[in-house]
Amino acid sequence: MSGALLLQSLILGVLLGGLYALLAAGLTLYFGIMRVVMIAHSAFLILAAYLAWWFNRETGIDPLVSLVVTVPLFFVTGVVMQRLLVSRLKPLTLTMMSVLLTFAVALIIEGALGFFFSGTQRRIPLPYASASLEVFGAQVPVVKLIAFGLAAVALALLFVLLKYTKFGQALRATIQHPEAARLVGINTDRVAGYGFGLGLATAAIGGTALSLDATIYPSLHWHWIGPLMAIIVVGGLGSIPGAAIAALVLGVAQSLLQLPLGPTWAQTIFYVALFATLMFRPQGFFGGRLAQRF
(Lines give C-alpha, C1' and ligand atoms only; values in the text may rest on other atoms or scores of the structure.)
Protein backbone atom coordinates (compact mmCIF):
# COMPACT_ATOMS: atom_id res chain seq x y z
CA MET A 1 0.00 0.00 0.00
CA SER A 2 1.52 3.30 -1.09
CA GLY A 3 1.66 6.36 1.14
CA ALA A 4 -0.39 8.37 -1.36
CA LEU A 5 -3.14 5.74 -1.39
CA LEU A 6 -3.23 5.64 2.40
CA LEU A 7 -3.39 9.44 2.57
CA GLN A 8 -6.18 9.48 0.00
CA SER A 9 -8.18 6.97 2.03
CA LEU A 10 -7.72 9.05 5.18
CA ILE A 11 -8.86 12.22 3.45
CA LEU A 12 -11.86 10.52 1.87
CA GLY A 13 -12.74 9.00 5.25
CA VAL A 14 -12.75 12.43 6.90
CA LEU A 15 -14.89 13.86 4.08
CA LEU A 16 -17.36 10.98 4.36
CA GLY A 17 -17.38 11.29 8.14
CA GLY A 18 -18.38 14.94 7.85
CA LEU A 19 -21.47 13.98 5.87
CA TYR A 20 -22.26 11.19 8.34
CA ALA A 21 -21.93 13.70 11.19
CA LEU A 22 -24.49 16.06 9.67
CA LEU A 23 -27.03 13.29 9.12
CA ALA A 24 -26.44 11.75 12.55
CA ALA A 25 -26.98 15.16 14.18
CA GLY A 26 -30.53 15.17 12.83
CA LEU A 27 -31.24 11.71 14.23
CA THR A 28 -29.81 12.77 17.58
CA LEU A 29 -32.12 15.78 17.70
CA TYR A 30 -35.20 13.61 17.19
CA PHE A 31 -34.27 11.25 19.99
CA GLY A 32 -33.03 13.96 22.32
CA ILE A 33 -36.17 16.07 22.03
CA MET A 34 -38.92 13.45 22.01
CA ARG A 35 -37.23 10.01 22.31
CA VAL A 36 -38.26 9.37 18.70
CA VAL A 37 -36.36 6.82 16.61
CA MET A 38 -36.74 8.42 13.18
CA ILE A 39 -36.44 5.55 10.69
CA ALA A 40 -37.69 7.86 7.91
CA HIS A 41 -34.74 10.26 8.25
CA SER A 42 -32.75 8.49 5.53
CA ALA A 43 -35.84 8.37 3.30
CA PHE A 44 -36.12 12.15 3.53
CA LEU A 45 -32.41 12.23 2.71
CA ILE A 46 -33.05 10.41 -0.57
CA LEU A 47 -36.12 12.56 -1.22
CA ALA A 48 -33.92 15.66 -0.98
CA ALA A 49 -31.43 14.05 -3.37
CA TYR A 50 -34.22 13.40 -5.88
CA LEU A 51 -35.47 16.97 -5.57
CA ALA A 52 -31.94 18.25 -6.25
CA TRP A 53 -31.67 15.97 -9.29
CA TRP A 54 -35.11 17.07 -10.58
CA PHE A 55 -34.25 20.73 -10.02
CA ASN A 56 -31.04 20.34 -12.02
CA ARG A 57 -32.81 18.47 -14.81
CA GLU A 58 -35.57 21.07 -15.17
CA THR A 59 -33.50 24.23 -14.80
CA GLY A 60 -29.92 23.25 -15.63
CA ILE A 61 -28.81 25.13 -12.50
CA ASP A 62 -26.40 23.67 -9.95
CA PRO A 63 -28.35 21.42 -7.52
CA LEU A 64 -26.95 23.30 -4.52
CA VAL A 65 -29.29 26.17 -5.41
CA SER A 66 -32.25 23.89 -4.66
CA LEU A 67 -31.39 24.24 -0.95
CA VAL A 68 -33.13 27.62 -1.01
CA VAL A 69 -36.40 25.71 -1.42
CA THR A 70 -35.78 22.30 0.15
CA VAL A 71 -34.39 23.45 3.52
CA PRO A 72 -37.45 25.56 4.51
CA LEU A 73 -39.76 22.98 2.91
CA PHE A 74 -38.28 20.15 4.99
CA PHE A 75 -38.31 22.32 8.12
CA VAL A 76 -42.03 22.99 7.74
CA THR A 77 -42.65 19.31 6.94
CA GLY A 78 -40.85 18.32 10.14
CA VAL A 79 -42.91 20.73 12.25
CA VAL A 80 -46.17 19.48 10.71
CA MET A 81 -45.12 15.85 11.08
CA GLN A 82 -44.30 16.32 14.74
CA ARG A 83 -47.53 18.12 15.56
CA LEU A 84 -49.93 15.97 13.55
CA LEU A 85 -48.36 12.53 13.95
CA VAL A 86 -45.60 12.16 16.53
CA SER A 87 -47.19 14.27 19.28
CA ARG A 88 -50.29 12.04 19.17
CA LEU A 89 -48.36 8.97 20.28
CA LYS A 90 -48.73 7.92 23.91
CA PRO A 91 -45.70 8.85 26.05
CA LEU A 92 -45.33 5.37 27.57
CA THR A 93 -44.91 3.71 24.16
CA LEU A 94 -43.52 6.68 22.25
CA THR A 95 -40.12 5.25 21.34
CA MET A 96 -41.47 1.88 20.18
CA MET A 97 -44.42 3.31 18.28
CA SER A 98 -42.26 5.98 16.65
CA VAL A 99 -40.28 3.20 14.97
CA LEU A 100 -43.46 1.80 13.41
CA LEU A 101 -44.80 5.23 12.48
CA THR A 102 -41.62 6.50 10.83
CA PHE A 103 -41.07 3.11 9.16
CA ALA A 104 -44.45 3.60 7.48
CA VAL A 105 -43.47 7.14 6.45
CA ALA A 106 -40.26 5.78 4.92
CA LEU A 107 -42.23 3.25 2.88
CA ILE A 108 -44.61 5.97 1.68
CA ILE A 109 -41.70 8.15 0.54
CA GLU A 110 -40.03 5.21 -1.20
CA GLY A 111 -43.26 4.28 -2.96
CA ALA A 112 -43.91 7.88 -4.03
CA LEU A 113 -40.40 8.20 -5.47
CA GLY A 114 -40.84 4.98 -7.37
CA PHE A 115 -44.22 6.11 -8.68
CA PHE A 116 -43.15 9.56 -9.87
CA PHE A 117 -39.57 8.84 -10.94
CA SER A 118 -39.63 5.04 -11.49
CA GLY A 119 -36.96 2.74 -10.10
CA THR A 120 -34.37 3.84 -12.65
CA GLN A 121 -31.08 4.90 -11.12
CA ARG A 122 -30.39 8.63 -11.45
CA ARG A 123 -27.23 10.71 -11.33
CA ILE A 124 -26.70 14.46 -11.73
CA PRO A 125 -24.36 15.26 -14.67
CA LEU A 126 -22.21 17.93 -13.03
CA PRO A 127 -19.52 19.75 -15.05
CA TYR A 128 -17.05 19.30 -12.17
CA ALA A 129 -17.98 15.67 -11.45
CA SER A 130 -14.60 14.30 -12.59
CA ALA A 131 -12.48 17.18 -11.27
CA SER A 132 -10.03 16.47 -8.45
CA LEU A 133 -7.31 18.16 -6.43
CA GLU A 134 -3.90 16.65 -5.79
CA VAL A 135 -2.78 16.67 -2.15
CA PHE A 136 0.71 15.20 -1.63
CA GLY A 137 0.07 12.72 -4.43
CA ALA A 138 -3.48 11.87 -3.34
CA GLN A 139 -6.38 12.66 -5.68
CA VAL A 140 -9.34 14.18 -3.83
CA PRO A 141 -12.59 14.61 -5.81
CA VAL A 142 -13.94 18.15 -5.85
CA VAL A 143 -17.53 16.97 -5.34
CA LYS A 144 -16.57 15.30 -2.06
CA LEU A 145 -14.86 18.47 -0.90
CA ILE A 146 -18.00 20.47 -1.72
CA ALA A 147 -20.20 17.97 0.12
CA PHE A 148 -17.92 18.09 3.16
CA GLY A 149 -17.86 21.90 3.09
CA LEU A 150 -21.64 21.98 2.95
CA ALA A 151 -21.87 19.60 5.91
CA ALA A 152 -19.26 21.58 7.88
CA VAL A 153 -21.09 24.88 7.33
CA ALA A 154 -24.43 23.30 8.31
CA LEU A 155 -22.94 21.80 11.49
CA ALA A 156 -21.31 25.12 12.39
CA LEU A 157 -24.62 26.94 11.97
CA LEU A 158 -26.36 24.26 14.03
CA PHE A 159 -23.77 24.69 16.79
CA VAL A 160 -24.20 28.47 16.83
CA LEU A 161 -27.99 28.11 16.86
CA LEU A 162 -27.99 25.68 19.78
CA LYS A 163 -25.28 27.47 21.77
CA TYR A 164 -25.90 31.18 21.36
CA THR A 165 -29.61 31.75 20.67
CA LYS A 166 -32.63 31.78 22.96
CA PHE A 167 -34.26 29.07 20.87
CA GLY A 168 -31.12 26.95 21.18
CA GLN A 169 -31.12 27.37 24.96
CA ALA A 170 -34.79 26.40 25.09
CA LEU A 171 -34.12 23.39 22.87
CA ARG A 172 -31.20 22.22 24.98
CA ALA A 173 -33.26 22.68 28.13
CA THR A 174 -36.06 20.61 26.60
CA ILE A 175 -33.58 17.88 25.70
CA GLN A 176 -31.93 17.85 29.14
CA HIS A 177 -35.07 18.00 31.30
CA PRO A 178 -38.48 18.71 29.69
CA GLU A 179 -40.35 18.93 33.01
CA ALA A 180 -37.95 21.54 34.40
CA ALA A 181 -38.09 23.43 31.10
CA ARG A 182 -41.87 23.67 31.37
CA LEU A 183 -41.58 24.92 34.95
CA VAL A 184 -39.45 27.89 33.86
CA GLY A 185 -41.95 28.87 31.18
CA ILE A 186 -40.63 27.15 28.05
CA ASN A 187 -43.31 25.98 25.63
CA THR A 188 -41.80 22.53 25.15
CA ASP A 189 -44.41 21.44 22.62
CA ARG A 190 -43.56 24.34 20.31
CA VAL A 191 -39.82 23.85 20.85
CA ALA A 192 -40.18 20.14 20.08
CA GLY A 193 -41.92 20.95 16.79
CA TYR A 194 -39.23 23.40 15.73
CA GLY A 195 -36.51 20.98 16.82
CA PHE A 196 -38.08 18.22 14.76
CA GLY A 197 -38.18 20.57 11.78
CA LEU A 198 -34.53 21.45 12.36
CA GLY A 199 -33.59 17.79 12.29
CA LEU A 200 -35.42 17.27 9.02
CA ALA A 201 -33.75 20.37 7.55
CA THR A 202 -30.39 18.61 8.05
CA ALA A 203 -31.73 15.80 5.84
CA ALA A 204 -32.40 18.34 3.09
CA ILE A 205 -28.81 19.57 3.25
CA GLY A 206 -27.36 16.09 3.54
CA GLY A 207 -29.47 14.73 0.68
CA THR A 208 -28.40 17.56 -1.60
CA ALA A 209 -24.76 16.95 -0.69
CA LEU A 210 -25.23 13.23 -1.37
CA SER A 211 -26.77 13.90 -4.80
CA LEU A 212 -23.53 15.52 -5.99
CA ASP A 213 -21.60 12.25 -5.99
CA ALA A 214 -24.04 9.35 -5.77
CA THR A 215 -26.31 7.32 -7.98
CA ILE A 216 -29.74 7.49 -6.39
CA TYR A 217 -32.77 5.19 -6.50
CA PRO A 218 -35.92 4.97 -4.32
CA SER A 219 -34.77 2.21 -1.95
CA LEU A 220 -31.32 3.70 -1.33
CA HIS A 221 -32.40 4.94 2.09
CA TRP A 222 -32.17 1.41 3.54
CA HIS A 223 -28.45 1.51 2.76
CA TRP A 224 -28.05 4.60 4.97
CA ILE A 225 -30.28 4.06 7.98
CA GLY A 226 -28.18 1.24 9.50
CA PRO A 227 -24.87 3.13 9.62
CA LEU A 228 -26.58 6.29 10.88
CA MET A 229 -28.31 4.42 13.70
CA ALA A 230 -25.00 2.80 14.62
CA ILE A 231 -23.33 6.23 14.76
CA ILE A 232 -25.82 7.73 17.21
CA VAL A 233 -25.60 4.67 19.47
CA VAL A 234 -21.80 4.65 19.46
CA GLY A 235 -21.69 8.41 19.97
CA GLY A 236 -24.28 8.30 22.75
CA LEU A 237 -28.00 8.80 22.30
CA GLY A 238 -28.83 12.47 22.72
CA SER A 239 -25.25 13.71 22.28
CA ILE A 240 -24.67 15.74 19.10
CA PRO A 241 -20.89 16.16 19.73
CA GLY A 242 -20.66 12.44 20.46
CA ALA A 243 -22.46 11.59 17.22
CA ALA A 244 -20.11 13.90 15.28
CA ILE A 245 -16.99 12.27 16.76
CA ALA A 246 -18.34 8.77 16.16
CA ALA A 247 -19.22 9.70 12.57
CA LEU A 248 -15.69 10.90 11.83
CA VAL A 249 -14.05 7.88 13.48
CA LEU A 250 -16.28 5.36 11.72
CA GLY A 251 -16.08 7.23 8.41
CA VAL A 252 -12.28 7.04 8.47
CA ALA A 253 -12.38 3.38 9.55
CA GLN A 254 -14.75 2.50 6.71
CA SER A 255 -12.54 4.26 4.16
CA LEU A 256 -9.38 2.50 5.37
CA LEU A 257 -11.04 -0.91 5.42
CA GLN A 258 -12.15 -0.50 1.81
CA LEU A 259 -8.52 -1.02 0.72
CA PRO A 260 -8.17 -4.63 1.95
CA LEU A 261 -11.84 -5.66 2.17
CA GLY A 262 -13.70 -3.72 -0.54
CA PRO A 263 -16.65 -1.32 -0.10
CA THR A 264 -19.26 -3.98 0.79
CA TRP A 265 -17.41 -5.60 3.70
CA ALA A 266 -15.96 -2.30 4.90
CA GLN A 267 -19.41 -1.10 5.92
CA THR A 268 -19.65 -3.89 8.48
CA ILE A 269 -17.46 -1.71 10.73
CA PHE A 270 -20.64 0.17 11.71
CA TYR A 271 -22.36 -2.98 12.94
CA VAL A 272 -19.25 -4.28 14.69
CA ALA A 273 -18.98 -0.92 16.49
CA LEU A 274 -22.71 -1.07 17.31
CA PHE A 275 -22.48 -4.54 18.86
CA ALA A 276 -19.31 -3.60 20.78
CA THR A 277 -21.01 -0.50 22.17
CA LEU A 278 -24.10 -2.40 23.30
CA MET A 279 -21.92 -5.04 24.97
CA PHE A 280 -19.32 -2.89 26.73
CA ARG A 281 -20.66 0.68 26.98
CA PRO A 282 -24.42 0.91 26.25
CA GLN A 283 -24.50 4.65 27.03
CA GLY A 284 -22.11 5.32 24.13
CA PHE A 285 -18.38 5.96 23.94
CA PHE A 286 -18.44 9.71 23.27
CA GLY A 287 -21.35 11.06 25.30
CA GLY A 288 -24.76 9.73 26.12
CA ARG A 289 -25.89 11.46 29.29
CA LEU A 290 -29.46 10.99 28.07
CA ALA A 291 -28.90 7.34 27.26
CA GLN A 292 -28.00 6.62 30.89
CA ARG A 293 -31.60 7.49 31.82
CA PHE A 294 -33.17 4.85 29.57
**Prompt:** Got a sec? Charge dipole of the chain, +1 on Cβ for Lys and Arg, -1 for Asp and Glu; which of Leu85, Ile146, Ser9 is way out at the positive end?
**Reply:** Leu85
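Normalised by the residues of segment 170-291, what does the relative contact order come to in percent, with Cα pairs under 8 Å and at least six apart? Can you show the working numbers first?
Numbers: 120 pairs, mean separation 30.8, N = 122.
RCO, segment 170-291: 25 percent.
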**Asked** Expressed as a rounded percentage, what relative contact order does the chain have, with Cα pairs under 8 Å and six or more residues apart?
**Response** 35 percent
**Asked** Carbon and sulfur together cover what percent of the accessible area of the chain at a 1.4 Å probe radius?
**Response** 70 percent
**Prompt:** Which helices of the chain meet both criteria: a Cα extent of 24 Å or more along the helical axis and a mean Kyte-Doolittle score no lower than -0.5, with helices taken as whole DSSP H segments?
**Reply:** 3-34, 41-59, 67-84, 94-117, 142-164, 188-211, 240-261
**Item:** Estimated distance in nm for a label pair at Arg83 and Phe280, the labels positioned 7 Å out from Cα along Cα-to-Cβ
**Value:** 4.6 nm
**Prompt:** Nearest 20 debye, what's the magnitude of the dipole of segment 1-135 about its Cα centre given +1 on Lys and Arg Cβ and -1 on Asp and Glu Cβ?
**Reply:** 500 debye
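So how much slack lies between Ala112 and Ala4, counting 0.36 nm per residue of separation and subtracting their Cα-Cα distance, in nm? Intermediate results must be reported in sequence, preceding the final value.
Working: separation 108, 0.36 × 108 = 38.88 nm, distance 4.36 nm.
Working it through step by step, the gained length comes to 34.5 nm.
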**Request:** Could you tally the net charge around Tyr194, taking each other residue with its Cβ under 15 Å from the Cβ of Tyr194, Lys/Arg +1 and Asp/Glu -1?
**Result:** +3
**Asked** Using modelled amide H (1.01 Å from N, peptide plane; none on Pro or chain starts), what sits under 5 Å from the amide H of Ser132, excluding residues fewer than 5 places away?
**Response** Val142
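With runs of 4+ DSSP H residues as the only contributors, calculate the mean residue ellipticity of the chain at 222 nm using -39,500 (n - 2.57) per run, divided by the residue total and rounded to the nearest 500.
-24000 deg cm²/dmol, from helical runs alone.
Give, in nm to one decimal, the length gained when the segment between Asn187 and Val76 is fully stretched (0.36 nm per residue of separation minus the Cα-Cα distance). All intermediate terms of the calculation are to be shown ahead of the outcome.
Working: separation 111, 0.36 × 111 = 39.96 nm, distance 1.82 nm.
Result: 38.1 nm gained on full extension.
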**Fill in**
Per the 1/(1 + (r/R0)^6) rule, R0 = 45 Å and r from the Cβ atoms of Lys166 and Ala131, FRET efficiency to 0.05 is 0.60
**Among Ile240, Leu210, Ala21 - extreme Cα towards positive end, dipole of the chain, charges at beta-carbon** = Ile240
**Asked** Which label belongs to the value computed from this structure, given these candidates for Cα extents along the principal axes in Å: (i) 58, 47, 35; (ii) 54, 42, 37; (iii) 75, 45, 34?
**Response** (i)
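Normalised by the number of residues in segment 213-266, what is the relative contact order in percent for Cα pairs under 8 Å and 6+ residues apart?
Working: 29 pairs, mean separation 9.8, N = 54.
Reported relative contact order: 18 percent.
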**Request:** Round to the nearest 0.05 the FRET efficiency obtained for Ser219 and Phe159 when R0 = 41 Å and r is the Cβ-Cβ distance.
**Result:** 0.80
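The values are calculated or read from the model by the stated rules, or taken from the named source; none is laboratory data. Owing to the predicted nature of the structure, the values given are computational and were not obtained by experimental measurement. Ideal geometry is used to build each Cβ from the backbone, glycine not excepted, and the neighbour counts take in all protein chains shown. When the accessible area is computed, the model is the full protein with side chains, heavy atoms only, and any ligands, DNA or RNA have been set aside. Shrake-Rupley method; radii C 1.70, N 1.55, O 1.52, S 1.80 Å.
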